[in-house]
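Note sheet for the following structure.
The values are calculated or read from the model by the stated rules, or taken from the named source; none is laboratory data. In this text the structure is predicted, and so the values were computed from the model without any measurement. Reconstructed Cβ throughout: ideal geometry from the backbone, glycine too, with neighbour counts over all protein chains shown.
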Amino acid sequence: MCDVYSPCALGGSLNAGTIPRLRCRIVAGSANNQLAEPQDADRLRAVGILYAPDFVINSGGVLYAWGLKALGWSRETIEVRHRGIGDTLAEIYAAADREGITTEAAATRMAIARLDAAEGRPVSEEEASLSEP
């Protein structure tokens, strides 16, 4: 038993065979594509395991590389953005609880809303509430 299982190397390690054997409260790791299939987010939710979607908690590397090299952000700006990852996760967890959906679904909805807003596409009120940085 552990508090946090952190898959950090191999994608697809969360699946119909492994999820029932997990003895943790949280899955939060740096491996990409941790879910073998979309239904695995439902499986995690069904057994009461809080899932931190990989593309959210892994965003720090992109923020650093893209912000520093492409956008010319200062290290202070990057640190502020890094601290915002926790706030984003809190918003995702709240939305998932409020709407009775998986954290993966809430995170995906938020990501789409943020991309749409950045590109000037119309965003619904619900999506706008999820897209605040």
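The table below gives the values:
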{"item": "Enumeration of residues in the range 94-103 that are surrounded by 16 or more Cβ atoms within 10 Å (Cβ to Cβ) and in a loop (DSSP other than H, G, I, E, B)", "result": "Ile101, Thr102"}
{"item": "The range 56-76 residues that are aromatic (Phe, Trp, Tyr), paired with ones that are assigned to a helix (DSSP H, G or I) and at pLDDT 90 or above (beta carbon under 8 Å, 6 or more apart)", "result": "Tyr64/Ile78; Tyr64/His82; Trp73/Gly67; Trp73/Arg81"}
